[in-house]
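Following: one structure in structure tokens, then a few remarks.
The values are calculated or read from the model by the stated rules, or taken from the named source; none is laboratory data. Small disclaimer: the values here were computed from a predicted structure and weren't measured. Every residue, glycine as well, gets a Cβ built from its backbone with ideal geometry; the counts of neighbours run over all protein chains shown. Note: accessible area is taken over every heavy atom of the protein model, side chains too, but ligands, DNA and RNA are not part of it. Shrake-Rupley method; radii C 1.70, N 1.55, O 1.52, S 1.80 Å.
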Amino acid sequence: MSKLEIRNVSKTFETRYGKVEALKDVSLQIAPNEFAVIVGPSGCGKSTILNIVAGLEKTTSGTVLMDGKEITGPGADRGMVFQSYTLFPWYTVRKNVEFGLLIRGVPADERRRIAEHYIEMVGLKGFEEIYPSGLSGGMKQRVAIARALANNPEVLLMDEPFGALDAQTRVVMQELLLEIWEQAQTTILFITHDIDEAVFLADTVYVMSRRPGTIKARISVNLPRPRNHKIYETPEFISLKSQIVDLLWEESVQAATETQIQETNGGMFR
Amino acid sequence: MFRVHHLTILTTAILFGIWCLLTYGGIVSPLFLPSPSAVVLELVDLYREGLLIKYTWDSVYRVTVGFLLAAVTAVPLGLVLGRSRIVEAITQPFIEFVRYLPVVALVPLTILYLGIGDIQKVAVIFLGTFFQLVLMIADVSASVPRDFIRASATLGANTYQVYRYVIIPCSLPGIMDNLRITIGWAWTYLVVAELVAANSGLGFMILRSQRFLQTDRIFAGLLIIGLLGVLTDWLFRKLTKLVVPWSEKAGGKS
Ligand SMILES: Nc1ncnc2c1ncn2[C@@H]1O[C@H](COP(=O)(O)OP(=O)(O)OP(=O)(O)O)[C@@H](O)[C@H]1O
Ligand SMILES: [Mg+2]
């Protein structure tokens, strides 16, 4: 049975200016311990999918199942790492990582032990008593990953967690994440619009269409593991990458043509 | 090295110099502006009469009680108000209405209902600060970033835990800053109340001194009120630094 199943999910936002159809009939299945990555153009509804799986947003139609049970709201079984920095500035690194455990009422000494383990895992030993304002962007996301992992979630949801990082830090973080994933044995649903990142990390890449977002293609990545960034130069990597580039290219060409038509029709006076 | 607080010392010295010049130089009559030494002597007199401590204590006591009552009720209400549409819908019209009533206009009513004792002073301070504070704190809690709340929800926090571990700590710097601003207003309302009707307190002393043309004593009163203000502000800044060590913004620049 799949760990996570998204079944015919559609989502329409009602806004003051009208309806925005963000997702249209999205379905996908993720196996236990699978690393699944979604790529898609900006605004195609990637975050919306993740928020729905996290239980932070309701579907308009369709369901999300975890271990065959329907998701109804947020829960500690699905950890999330956000694109924006969401560490709590009023807590030190240690307290941030302990947060989920505190919520569950884990005793203080055990909280400390677990937090230390994950802080070490993300390479931040020695930074336990620092407040987030004293950390770099990469360090903040490491803490955010440790915070999510310390809660021992069954599924880890990651919304462009490295989007704001520079190219070098990004590569370091990707390798670190793969190491952690291999150690921690969790299922990961990861979002990005960086194609290199997608192929490098994934067992399976899902390519999304423009808004309203649908799953346009499912691509299995059978590159050997453990991987490191040297894989970027292999022919297999390059061919997978160009396959995805082509798929996304179709989307942006269509988008460009459509805006052009709209502009010609609209003209200066509507 | 030049430091910013040297500027503060400088302006204080200049003001004091002007005061000395105007009074010792005989430019202004002592009836309108007493000399620094006259004010100091007056403070000594007040102390000997036992009024310095008594009046200061009476005023401080009223401000403290009134302000604390307002704070312990307004802060929780404001925190909830800023996050709940339902509570907002219920209370907003009333609070908005009362907020625009000048407290001074309510003083006669408070005297009618409560007399002119401590309770009435406390009531004036409460009315003057409570409604403002509720709305200010509501603003603070409404601006807690949505992503913090979402992050805590994905870590398993329920509504109560979201308040306790996210909304309250996140709002704390804003709460402290607004309390510091409001306690200044509390002093103003107290002096107004004491000027209108009282048997003791610094405002009462100032009013009575005016009747007997004791300008020295008026200035002594003003000096005490000013110094108490400076002291409260300083205490609040220290307290803020202590309560929210993680925030660079709260407690003013340093
Ligand atoms: N709460 C909301 N209310 C109204 N519209 C929304 C809301 N959230 C998202 N949308 C709209 O739904 C669409 C998809 O948004 P979403 O954030 O999921 O895209 P995304 O693929 O994550 O984009 P990006 O790559 O920029 O992060 C967008 O057009 C967005 O404007
Ligand atoms: Mg997004």
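What to note about this one:
- So A:Arg225, is it exposed (fewer than 15 other Cβ atoms within 10 Å of the Cβ), away from ligand 2 (no atom under 16 Å from the Cβ) and touching a residue at least 12 places away in the same chain (Cβ under 8 Å): yes
- When residues in the stretch B:81-116 are screened for being in contact (Cβ under 8 Å) with a residue 24 or more places away in the chain and among the aliphatic types (A, V, I, L, M), 8 of them pass.
- Top-ranked residue in the stretch A:6-40 [being more than 14 Å from ligand 2 (Cβ to nearest atom) and of a type in the set (Phe, Trp, Tyr); ranked as least open to solvent (accessible area, probe 1.4 Å)]: A:Phe35
- Some residue of the stretch B:125-142 being closer than 25 Å to B:Arg208 by Cβ and either free of Cβ contacts under 8 Å to residues at least 12 places away in the same chain or open to solvent by less than 20 Å² (accessible area, probe 1.4 Å) (or both): yes
- Filter result for A:Val155 (at pLDDT 90 or above, surrounded by 17 or more Cβ atoms within 10 Å (Cβ to Cβ) and within 24 Å of B:Cys170 (Cα to Cα)): no
- Matching residues in the stretch B:150-172 - criterion: being at the interface with another protein chain (Cβ under 9 Å from one of its Cβ atoms) and either in contact with an Asp or Glu (Cβ under 8 Å, 6 or more places away or on another chain) or under 30 Å from B:Lys121 (Cβ atoms) (or both): B:Leu172
- Within the stretch B:197-250, being over 20 Å from B:Ser35 (Cβ atoms), of a type in the set (Ser, Thr, Tyr) and not in a loop (DSSP other than H, G, I, E, B) holds for B:Thr232, B:Thr240.
Every residue, every condition in (1) in contact (Cβ under 8 Å) with a residue 60 or more places away in the chain; (2) touching a Leu at 6+ places or on another chain (Cβ under 7 Å), yes or no:
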site: A:Val9; (1), (2): no, yes
site: A:Tyr17; (1), (2): no, no
site: A:Glu34; (1), (2): yes, no
site: A:Val37; (1), (2): yes, yes
site: A:Lys46; (1), (2): yes, no
site: A:Gly68; (1), (2): yes, no
site: A:Pro74; (1), (2): no, yes
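- The stretch B:181-199, residues that are open to solvent by 40 Å² or more (accessible area, probe 1.4 Å) and not β-branched (Val, Ile, Thr): B:Trp185, B:Tyr189, B:Leu195, B:Asn199
- Any chance B:Gly174 is buried (at least 19 other Cβ atoms within 10 Å of the Cβ) and assigned to a helix (DSSP H, G or I): yes
- Qualifying residue in the stretch A:85-105 (condition: away from ligand 1 (no atom under 16 Å from the Cβ), more than 14 Å from chain B (Cβ to nearest Cβ) and farther than 29 Å from A:Trp249 by Cα): no
- The stretch A:160-187 - residue that is under 13 Å from the mean Cα position of the chain (by Cα) and open to solvent by 10 Å² or more (accessible area, probe 1.4 Å) and, of those, farthest from ligand 2 (Cβ to nearest atom): A:Gly163
- Residue check for B:Ile119: in contact (Cβ under 8 Å) with a residue 60 or more places away in the chain, surrounded by fewer than 22 Cβ atoms within 10 Å (Cβ to Cβ) and more than 23 Å from B:Ile90 (Cα to Cα): no
- Considering residues of the stretch A:12-52 that are more than 12 Å from ligand 1 (Cβ to nearest atom) and of a type in the set (Val, Ile, Thr) only, the residue nearest to A:Arg211 (Cα to Cα): A:Val37
- Any hit, the stretch B:135-149, residues being in a helix (DSSP H, G or I), within 14 Å of another protein chain (Cβ to nearest Cβ) and out of contact with any Ser or Thr (no Cβ under 7 Å at 6 or more places or on another chain): yes
- Picking from residues in the stretch A:41-72 that are within 16 Å of ligand 2 (Cβ to nearest atom) and at positive phi, the one that is least open to solvent (accessible area, probe 1.4 Å) is A:Gly45.
- As a summary of the residue check, A:Ile188 satisfies the conditions (1) closer than 26 Å to A:Gln254 by Cα; (2) modelled with pLDDT of 95 or more except for the one numbered (1).
- Residues of the stretch A:185-211 classified as within 16 Å of ligand 1 (Cβ to nearest atom), hydrophobic (A, V, I, L, M, F, W, C) and under 24 Å from A:Ala150 (Cα atoms), total: 3
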